Structure formats: structure tokens, C-alpha cells
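> This is the structure I have questions about; it appears just below.
The values are calculated or read from the model by the stated rules, or taken from the named source; none is laboratory data. Here the structure is a predicted model, which means the values were calculated and not measured. Here the Cβ positions follow ideal geometry from the backbone for every residue, glycine too, while neighbour counts run over all protein chains shown. In case anyone asks, the SASA skips ligands and DNA or RNA and just uses the protein heavy atoms, side chains included. Shrake-Rupley method; radii C 1.70, N 1.55, O 1.52, S 1.80 Å.
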Amino acid sequence: MSAFAADLADLKPGDYVVHVTHGVGRFLGLREIVQGEQKGDFMLLEYAGESKLYVPLTRMDLVEKYRGAGEQGPPLDRLGGAT
């Protein structure tokens, strides 16, 4: 069990997270996606410009809760951006 598994239980929609590749995003919740015979659970993340990213729960190791200081959240990164 990864250290993040405990963090996932603490995540609420609107919380900020950091994806290893894509940077700072906002957690919107969990979604089940069905494609034909396949289905899976995904974390839905939002980035700048209302871009959405679905991260399979099997790859939760790529995402962790943002741990910044202050009341104001960080700016969201752009998907495919260089930050």
C-alpha cells in the first residue's frame, strides 16, 4: 500500500494535488469509466483552461496532495506545459 493511499481518503473535491508529469491540478473527484467490457476507477483532475485529466487509480503513485502554505491555493498548471 502506498503512502498516498492514506492521502486519497483525505482528498475532497476542490483540493489541490501535484501530478509527477503535469504539475499542480485540482482534484474533482473519482469517476468510474466503462469502455465496452472494461471499466475502471479514475481520479478526475482539472488543470488551467479547464483541461481535464483522468488518472487511473492503479497509477495513484503519480499523484500526491499539494502541501503548500497559506490560505490561497496555487495557480493551476497547464496540461502539457513546461512548469
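> Where the accessible area of the range 38-83 is counted over protein heavy atoms with a 1.4 Å probe, how much of it, in %, is carbon and sulfur?
Accessible surface attributable to carbon and sulfur in the range 38-83 totals 47 percent.
> Another question about this same structure. Excluding residues on the same chain fewer than 8 positions from LYS39, give the lysines whose Cα lies under 21 Å from its Cα.
By straight Cα distance, LYS39 reaches LYS52.
> Let me ask something else. Rounding to the nearest 20 debye, state how big the charge dipole of the range 17-65 is about its Cα centre with +1 on each Lys and Arg Cβ and -1 on each Asp and Glu Cβ.
So the dipole magnitude of the range 17-65 works out to roughly 80 debye.
> Please give the per residue accessible area of the chain, computed with a probe of 1.4 Å over protein heavy atoms only, in Å².
Accessible area per residue: 67 Å².
> Here's another thing I want to ask about it. Any idea of LYS12's accessible area? Nearest 10 Å², probe 1.4 Å.
110 Å²
> What is the extension gain from THR58 to LEU28, computed as 0.36 nm multiplied by their sequence separation minus the C-alpha to C-alpha distance, in nm to one decimal?
9.1 nm
> Between GLU71 and ASP15, 0.36 nm times their residue separation minus their Cα-Cα distance comes to what?
Stretched fully, the GLU71-ASP15 segment lengthens by 19.0 nm.
> Going from most exposed to least, what order do ASP15, ASP10 have by accessible area with a 1.4 Å probe?
ASP10, ASP15
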